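Just so you know, all these numbers are worked out from the coordinates, no wet-lab data involved. Please read all numbers here as calculations on a predicted model, not as lab measurements. Positions of Cβ are generated from backbone atoms using ideal geometry, with glycine treated the same way; all protein chains shown enter the neighbour counts.
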Amino acid sequence: MLKSNLSVLMAERGLKIVDLYNATGISKNTLMSLSENTSKGVQFETVDKLCNYLGVTPADFFVYAPYIVDIKFEKDTKEKNEFNLIVILQSGDRIKSFTFMGALYDKKFRQYMKDDDITTLANYSKNENCDYFIYLSDEINSGRENFAYVFDKFPQQIKREIVENIFKELSDNVFGGKIDNGTLVALEFEFLDNDKFNFSKVFQYKNNEFRLFR
């Protein structure tokens, strides 16, 4: 995966999109798509101008992880709210596959958890105001190479891209396009063999898509 490092370079320098626009003449839309890594491609001239202005090399401007990432969804035929999520990392001829057990919970189940003092889910209290809660556990991968160790080696932008791609796959399959505007959904990972990598992200549904909320 190859991603732009523009958002980090801007933050380090206290710059905003309008600052880059005024200094380089590059369109705000192009700058925004590069900073958010939603661009499908970029011209050499654009990279040249930005590197020159920021005082960096192309190696600083881009971040890279030597993997092609594929994400697959498998519905549990017995439990309607449970599923498996498979993350496939391919590097050359080598393929690593990690399967996560997943479940979708709504506010009713979360209230039941609260009333019965069930606290097994990683960040329940942090995200208790969300409308839905998607929980992923790598318990299936126990005893073999853990996804957390591979994930930790990725640059931050690529970590975020992987999480957003995972959520897009889940939102397409779990919700089936039927969800209200403004809905908040918490995505929780639990890496059982490495507590420090347990983390959560919240996504909000707006304008017919889910975007990272926090």
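For segment 152-166, backbone phi angles converted through the Karplus equation (6.51, -1.76, 1.60; θ = phi - 60°) give residue-by-residue couplings of 5, 7, 6, x, 4, 5, 6, 4, 5, 4, 5, 4, 5, 5, 4 Hz, Gly and Pro being listed as x. As a proxy for reagent exposure, ranking 68, 88, 166 by other Cβ atoms within 10 Å from fewest up yields 68, 88, 166. Between residue 156 and residue 23, the simple spin-label model (points 7 angstrom out along Cα→Cβ) gives 1.9 nm. If you model segment 2-64 as an ellipsoid using its alpha carbon gyration tensor, with each semi-axis the square root of five times an eigenvalue, the axes come out at 15, 13, 12 Å, biggest first.
Over all other residues within a Cβ to Cβ distance under 14 Å of residue 180, the charged ones net out to 0, with Lys and Arg as +1 and Asp and Glu as -1.
Each residue of segment 37-49 was assigned a 3J(HN,Hα) from its phi angle through the Karplus expression (A = 6.51, B = -1.76, C = 1.60, θ = phi - 60°), giving 6, 9, 6, 8, x, 8, 7, 4, 4, 5, 4, 4, 5 Hz with x at Gly and Pro.
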